[in-house]
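Contents: one structure, followed by commentary.
The values are calculated or read from the model by the stated rules, or taken from the named source; none is laboratory data. Remember, predicted model here, so these are calculated numbers, not experimental data. Virtual Cβ from ideal backbone geometry, glycine too; neighbours counted across all protein chains shown.
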């Protein structure tokens with residue numbers, strides 16, 4: 001059974017065993033969250049989001065429609081995900097451009113990921129990086145715009 005803090009607002013019925021959702025988190029109907037995840041306080045998961053197993057989402061992270069998170073991913077505090085390449089007030093696209101984070105990737109605190117970007121398998125995004133294009137598998141990226149500085153050992 002998943003565990004929900006009494007101050008969490010959870011509307012989804014698709015949350016796996018042993019997942020913990022902490023206070024002031026909002027999870028909308030339709031969201032899918034795997035097993036053994038930790039969804040920390042002050043987070044938002046919209047309805048068209050899929051999160052795999054063993055994922056940590058730290059405080060201050062908002063996952064917008066179209067986002068796909070694979071197994072074993074770490075998302076650091078206040079990492080910013082986006083899903084609209086041309087945002088305007090009260091103007092909505094026909095569909096949102098999601099972000100894909102592949103298995104075992106880690107995203108550092110305060111990183112910003114632009115719409116349509118894929119973060120590769122076991123890749124690492126440094127704290128504060130601004131990711132404007134796809135990150136290759138096993139790459140470590142830092143800076144603004146984020147650039148590959150080396151690769152993690154496979």
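Here is a check on your reading of the model: is residue 87 surrounded by fewer than 18 Cβ atoms within 10 Å (Cβ to Cβ) and over 15 Å from the mean Cα position of the chain (by Cα)?
Working: surrounded by fewer than 18 Cβ atoms within 10 Å (Cβ to Cβ): yes; over 15 Å from the mean Cα position of the chain (by Cα): yes.
Yes; evaluated as a whole, the condition is true for this residue.
Being part of a loop (DSSP other than H, G, I, E, B) and either in contact with a strand residue (DSSP E or B) (Cβ under 7 Å, 6 or more places away or on another chain) or modelled with pLDDT of 95 or more (or both) is a property that residue 77 has. Mind checking which residues of the stretch 144-154 are surrounded by 13 or more Cβ atoms within 10 Å (Cβ to Cβ) and assigned to a loop (DSSP other than H, G, I, E, B)? Passing the criteria: 146, 152.
Taking the residues in the stretch 35-45 that are closer than 18 Å to residue 78 by Cα and over 11 Å from the mean Cα position of the chain (by Cα) as candidates, determine which candidate is surrounded by the most Cβ atoms within 10 Å (Cβ to Cβ). Please lay out each step first, then the result.
Applying the first criterion (closer than 18 Å to residue 78 by Cα) to the stretch 35-45 yields 37-45.
Applying the additional criterion that residues be over 11 Å from the mean Cα position of the chain (by Cα) yields 37-38, 40-42.
Details: 37: 23, 38: 15, 40: 19, 41: 15, 42: 16.
The selected residue is 37.
So if I check each of 73, 26, which one is buried (at least 20 other Cβ atoms within 10 Å of the Cβ) and without any contact (Cβ under 8 Å) to a residue 40 or more places away in the chain?
On the way: 26 fails: buried (at least 20 other Cβ atoms within 10 Å of the Cβ).
From the options 73, 26, the qualifying one is 73.
For residue 81, the conditions (1) farther than 28 Å from residue 35 by Cα; (2) surrounded by 19 or more Cβ atoms within 10 Å (Cβ to Cβ) are fulfilled apart from (1).
Is there a residue being free of Cβ contacts under 8 Å to residues at least 24 places away in the same chain and assigned to a loop (DSSP other than H, G, I, E, B) anywhere in the stretch 103-114? So far as the stretch 103-114 goes, no, none of its residues is free of Cβ contacts under 8 Å to residues at least 24 places away in the same chain and assigned to a loop (DSSP other than H, G, I, E, B).
Residues in the stretch 116-123: is at least one touching a residue at least 12 places away in the same chain (Cβ under 8 Å), out of contact with any helix residue (DSSP H, G or I) (no Cβ under 6 Å at 6 or more places or on another chain), under 16 Å from residue 2 (Cα atoms) and part of a strand (DSSP E or B)? Checking the stretch 116-123: not a single residue is touching a residue at least 12 places away in the same chain (Cβ under 8 Å), out of contact with any helix residue (DSSP H, G or I) (no Cβ under 6 Å at 6 or more places or on another chain), under 16 Å from residue 2 (Cα atoms) and part of a strand (DSSP E or B).
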